[in-house]
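**Student:** I have a structure I would like to understand better, so I am pasting it below and will then ask my questions one at a time.
The values are calculated or read from the model by the stated rules, or taken from the named source; none is laboratory data. All values derive from a computational prediction rather than experimental measurement. Glycine gets a Cβ as well: all are built from the backbone with ideal geometry, and neighbour counts include every protein chain shown. Note: areas computed on protein heavy atoms with side chains; ligands, DNA, RNA excluded. Shrake-Rupley method; radii C 1.70, N 1.55, O 1.52, S 1.80 Å.
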Amino acid sequence: MFVLRKLLKLLLLPVAFVLFFMRWALETSLKLTEWAVGLLTLIVGAAIIYNIVIHRWGDLFLYSLIFVGIMAILMAVVVVQDFCDAMIIAAVQ
């Protein structure tokens, strides 16, 4: 059983490396683009407030969809990073 476990760990090392690289790439891309995403979120948030004040409901709906899309993409990146962390820990143990 001990030898089988060590053999399985050895076979899962390339998978752990790929998961580590994927997580590193996502984290790096998020760090490089966080200023742009923050600025875009700020602009969309200001546009939402502006459209509420001047009662342009069609544009408000459009900006709300854009805001929800930005938040969904950011949430997906965090979920993939957490998944990679969990899989790396499972592959190394």
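**Student:** Once ligands and nucleic acids are excluded and a 1.4 Å probe is used, how much of L39 is accessible, expressed in Å² to the nearest 10?
**Tutor:** Its heavy atoms expose roughly 90 Å² to the probe.
**Student:** Could I ask something else about it? Calculate one ³J(HN,Hα) per residue across the range 76-92 by plugging θ = phi - 60° into the Karplus curve 6.51 cos²θ - 1.76 cosθ + 1.60, and present them in order as whole Hz with x for glycine and proline.
**Tutor:** 5, 5, 5, 5, 5, 4, 5, 5, 4, 4, 5, 6, 5, 4, 5, 6, 7
**Student:** Follow-up. Among A91, F21, F67, pick out the residue whose Cα is farthest towards the positive end of the charge dipole of the chain, where Lys and Arg carry +1 and Asp and Glu carry -1 on C-beta, about the Cα centre.
**Tutor:** Selected residue: A91.
**Student:** Next up: So what's Rg/Rh here for the range 11-50, counting alpha carbon atoms and using the Kirkwood radius for Rh? The partial results should precede the final answer.
**Tutor:** Numbers: Rg = 16.7 Å, Rh = 12.2 Å.
In the range 11-50, Rg relative to Rh is 1.36.
**Student:** I've got another one for you. How large, in Å, is the chain by the Kirkwood hydrodynamic radius built from its alpha-carbon pairs?
**Tutor:** Hydrodynamic radius (Kirkwood, Cα pairs) of the chain is 16.1 Å.
**Student:** Put one equal scatterer on each alpha carbon of the range 36-90, apply the Debye formula with no solvent term, and list log10 I(q)/I(0) at q = 0.28 1/Å to two decimals.
**Tutor:** Here the Debye-derived log intensity ratios amount to -1.01.
**Student:** May I pose another question? Short version: ³J(HN,Hα) in whole Hz for each residue of the range 64-72, in order, from phi by Karplus 6.51 cos²θ - 1.76 cosθ + 1.60 (θ = phi - 60°), x for Gly and Pro, what are they?
**Tutor:** For the range 64-72, the Karplus curve yields 5, 5, 4, 4, 5, x, 4, 5, 5 Hz.
**Student:** With each label point set 7 Å from Cα along the Cα-Cβ vector, what nm distance links R5 and F17?
**Tutor:** 2.4
**Student:** Taking all protein chains as present, what is the carbon and sulfur share of the accessible area of the chain, in % to the nearest whole number, probe 1.4 Å?
**Tutor:** Details: 5840 of 7170 Å².
Using a 1.4 Å probe with all protein chains present, the chain comes out at 81 percent carbon and sulfur.
**Student:** Pairs of alpha-carbon atoms within less than 8 angstrom and 6+ residues apart define the contacts here; what relative contact order does the chain have, in percent?
**Tutor:** Contact order relative to length: 53 percent.
**Student:** Hey, what do the phi angles of the range 7-19 turn into as Karplus ³J(HN,Hα) couplings, whole Hz, using 6.51/-1.76/1.60 and θ = phi - 60°, x for Gly and Pro?
**Tutor:** 5, 5, 4, 5, 6, 8, 4, x, 5, 4, 5, 5, 5
**Student:** If I model a spin label as a point 7 Å beyond the Cα along the Cα-Cβ vector, how far apart are those points for T41 and V53 in nm?
**Tutor:** According to this spin-label approximation, the distance is 2.2 nm.
**Student:** Here's a follow-up. Work out how much length M71 to A25 would gain on full extension: take 0.36 nm times their residue separation and subtract the Cα-Cα distance, in nm to one decimal. Could you put the intermediate results ahead of the total?
**Tutor:** Working: separation 46, 0.36 × 46 = 16.56 nm, distance 1.93 nm.
Extra length from M71 to A25 when fully extended: 14.6 nm.
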